[in-house]
Amino acid sequence: MTTTDMPRKADADSARAVSRKRPRGAVGGGLRRAVPATTLLWVLAALYGLPVLWFVLSSFKPAGDLFSLPLTLFPEDPTVSGYKAAWDSANFSQYFINTAIVCVLATILTVGVSCCTGYALAKYDNKWLKVFFVGILATTMLPGEVMLAPQFLVVRDLGLYNSLAGIILPAVLTATGCFMFRQFFLTVPDELIEAARIDGARELSIFLRIMVPISRPIMLTLAILSFQWRWNDYIWPLLMLNDPEKFTVQIGIQSLVGAQNINWSVVLGGSVISMIPLIVVFLVFQRYVMNANINAGLKD
């Protein structure tokens, strides 16, 4: 060993010692920064979660205990009579079938049409496409109630009044879905498409084999949102349907409300029943969205 190697070894040992000490301070600083943020998140979770918890637990209370003083969070005598009365007083099985048909078909069509539209808006240079995109975004500036009258007239003139198709078709193209896919496809390098074209791939093949697979996270996210929108939709089905056999879940819950009095135990039970499919869909598909690699297939 030469004399010049000795300082190098000493420097290496001192660097290791410093590196051992730094993580402790870094960890401590990280914890100090994380505590306020974590506390704030827990407070927000409590603010949002407490009303939901009260709502769910109240559905197990008898009707006479809902407004008795003092108010209690947990039911003293839990009962599922509200659920039984809600299920027996309304044709919930048919309502679930109708709503499932509307949600599934509308979600599939919404994702497919939005994906195609977003790809065209992002990757094709045409002034009319830009005008079309501005027109789509302009619909978000109008309240939904403003669109109800013209939509109703169009659907009625098409002969779709009092049918599930009249609920599904107006929900196919959404500004949110088109904007989500357009913004995602703008992040995809044009070189990837040009390379596929050089290899002889056609436009339809590029879209189906390259663009659709890498947009899977956006598709799943929009599918969850679209399913939620259609499941919770109330005003449009109320305007379009007058046959009780075609009612959706939300109209079925409204039918539980009496003209003179309201049995809140039954209404709460029916509301909780209507929430179950949404919770199941979210729990099943959220891990695919969280674990999906948005940049799959792309290279720097």
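Read-outs throughout are calculated quantities, based only on the coordinates presented, and are distinct from any laboratory measurement. Please read all numbers here as calculations on a predicted model, not as lab measurements. Here the Cβ is made from the backbone with ideal geometry for all residues, glycine too, and neighbour counts use every protein chain on show.
Using the average count of surrounding beta-carbon atoms within 10 Å as a protection proxy, the listed peptides 173-179, 273-279, 133-139 rank, highest first, as 173-179, 273-279, 133-139.
Sorting the segments 100-107, 231-238 by their mean number of nearby beta carbons within 10 angstrom, highest to lowest, gives 100-107, 231-238. Across the range 56-68, rounded Karplus estimates of 3J(HN,Hα) from the backbone phi angles (6.51 cos²θ - 1.76 cosθ + 1.60, θ = phi - 60°) give 5, 5, 5, 5, 9, 8, x, 4, x, 9, 5, 10, 6 Hz, Gly and Pro being marked x. Comparing Cα centroids, the range 57-107 and the range 170-244 end up 34 angstrom apart.
Considering all different alpha carbon pairs of the range 91-293, the Kirkwood hydrodynamic radius works out to 19.0 Å. Put simply, when 149-155, 165-171 are sorted by average Cβ atoms within 10 angstrom per residue, most first, you get 165-171, 149-155.
Using a simple spin-label model with pseudo-atoms 7 Å out from Cα toward Cβ, F67 and Q228 lie 3.2 nm apart.
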